[in-house]
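Enquirer: First the structure, then my questions, so here it is.
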Amino acid sequence: IVFAVIAVWLATGFYTVNPREQGVELIFGKLWEVTGPGLKYNLPAPIGEVLTPQVEAINRVDVGFRGTADAGTRGGVARDVPEESTILTGDQNIVDVDFQVQWKISDPVAFLFNIRDPEATVKRAAESAMREVVGQSTFDDTVTVGRQQIEEHTEELLQSILDDYGSGIGIENVRLQKSDAPGEVIDAFNDVQRARQDKVRLQNEAQAYANSIVPEARGEAEQMI
């Protein structure tokens with residue numbers, strides 16, 4: 001009976017690692033081996049333990065809003081979180097920034113043992129990185145032509161922060177969902193943007209008119225001469 005019980009206990013040590021996972025074997029709580037997909041064996045509890053984090057899964061963290069992933073671009077419903085989204089720019093203006101971070105596990109051992117709350121860690125580091133990048137940018141760059149550069153710089157800085165933590169997390173991308181003036185002044189901001197567009201349009205029309213009338217006048221002058 002004793003040998004049968006021991007055999008059954010040992011048999012419980014078989015485990016399966018799925019294709020999107022990695023197995024982390026522990027013996028007496030200490031790292032023993034990292035295994036790939038397939039049928040594996042480790043000493044069963046209470047001596048051994050196996051953790052199988054999903055290293056290929058893409059995780060998402062929303063900063064500045066709560067709601068659908070594409071609320072800012074596809075008409076979804078999102079709730080703004082001002083304490084996260086309100087950021088001061090380098091030229092002393094306030095901008096409302098909502099963004100999304102996608103990440104996955106790059107090192108399962110570091111991920112399991114170096115950080116306590118991965119999602120909260122990514123979120124706080126992402127908010128800090130975005131504030132630093134926006135704080136070095138102008139308001140116009142943040143809401144118009146500089147959005148892509150802000151995404152790229154934030155991704156680089158965020159990855160550097162997480163690497164310093166030894167988090168075992170790899171950032172896939174940082175995507176701005178919204179980058180606008182605060183709601184209290186959005187109407188005035190839109191008026192300014194429309195005025196700038198009108199200015200550019202009128203300048204282009206005037207330049208086009210000058211490009212057409214000046215050569216004609218010169219031609220007539222030459223003909224008269």
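The values are calculated or read from the model by the stated rules, or taken from the named source; none is laboratory data. Quick caveat: nothing in here was measured; it's all calculated off a predicted structure. Reconstructed Cβ throughout: ideal geometry from the backbone, glycine too, with neighbour counts over all protein chains shown. Side chains are part of the model used for accessible areas, which takes the heavy atoms of the whole protein and leaves out ligands, DNA and RNA. Shrake-Rupley method; radii C 1.70, N 1.55, O 1.52, S 1.80 Å.
Enquirer: On a 0 to 90 degree scale, rounded to 10, what angle separates helix 118-135 from the longest Cα axis of the chain?
Expert: 20 degrees
Enquirer: Total Lys pairs in the chain closer than 30 Å by alpha-carbon, pairs eight or more apart in sequence or interchain only?
Expert: 8
Enquirer: If I compute Rg/Rh (Cα atoms, Kirkwood Rh) from the structure I just sent, which labelled value in (i) 0.98; (ii) 1.30; (iii) 1.10 lines up?
Expert: Matching entry in (i) 0.98; (ii) 1.30; (iii) 1.10: (ii).
Enquirer: Quick one: how many Å² of L88 are accessible to a 1.4 Å probe, rounded to 10?
Expert: Its accessible surface works out to 90 Å², give or take rounding.
Enquirer: If you don't mind, there's one more thing I want to ask. How much net charge surrounds I27 when only other residues with a Cβ under 10 Å from its Cβ are counted (Lys, Arg +1; Asp, Glu -1)?
Expert: Residues near I27 contribute -2 overall.
Enquirer: So for F99, F3, what's the accessible-area order with a 1.4 Å probe, most first?
Expert: Putting F99, F3 in descending order of accessible area: F3, F99.
Enquirer: So how do W32, W9, W103 rank on accessible area, 1.4 Å probe, biggest first, that is with the largest at the start?
Expert: The ordering from most to least exposed comes out as W32, W9, W103.
Enquirer: Related question: Using the per-residue mean of other Cβ atoms lying within 10 Å as a proxy for protection, in what order, highest first, do the peptides 104-114, 202-212 fall?
Expert: Descending packing order for the listed peptides: 104-114, 202-212.
Enquirer: Of all GluC sites (Glu not before Pro) in region 16-123, which ones are in loop regions per DSSP and have a Cβ with at most 15 other Cβ atoms within 10 Å?
Expert: E56
Enquirer: By how many degrees, 0 to 90 and rounded to 10, does the Cα axis of helix 2-11 deviate from the longest principal axis of the chain?
Expert: 10 degrees
Enquirer: With a 1.4 Å probe and all protein chains in place, put I225, I6 in order of accessible area, largest first.
Expert: Descending order: I225, I6.
Enquirer: Could you pull out every residue, at least 5 positions away or on a different chain, whose amide H is within less than 5 Å of the one on T35? Hs are placed 1.01 Å off N in the peptide plane, and Pro or chain starts have none.
Expert: Distant-sequence amide H within range of T35: G23, V24, E25.
Enquirer: Working out 0.36 nm times the residue gap between V81 and A120, then minus their Cα-Cα distance, what length gain in nm do you get to one decimal?
Expert: Here the segment from V81 to A120 would lengthen by 12.5 nm.
Enquirer: Relative to the longest principal axis of the C-alpha atoms of the chain, give the angle of the C-alpha long axis of helix 186-224, reported between 0 and 90° and rounded to the nearest 10°.
Expert: 40 degrees
Enquirer: With every protein chain present, what accessible area does T16 have (1.4 Å probe, heavy atoms only), rounded to the nearest 10 Å²?
Expert: In the full protein context, T16 sits at about 90 Å².
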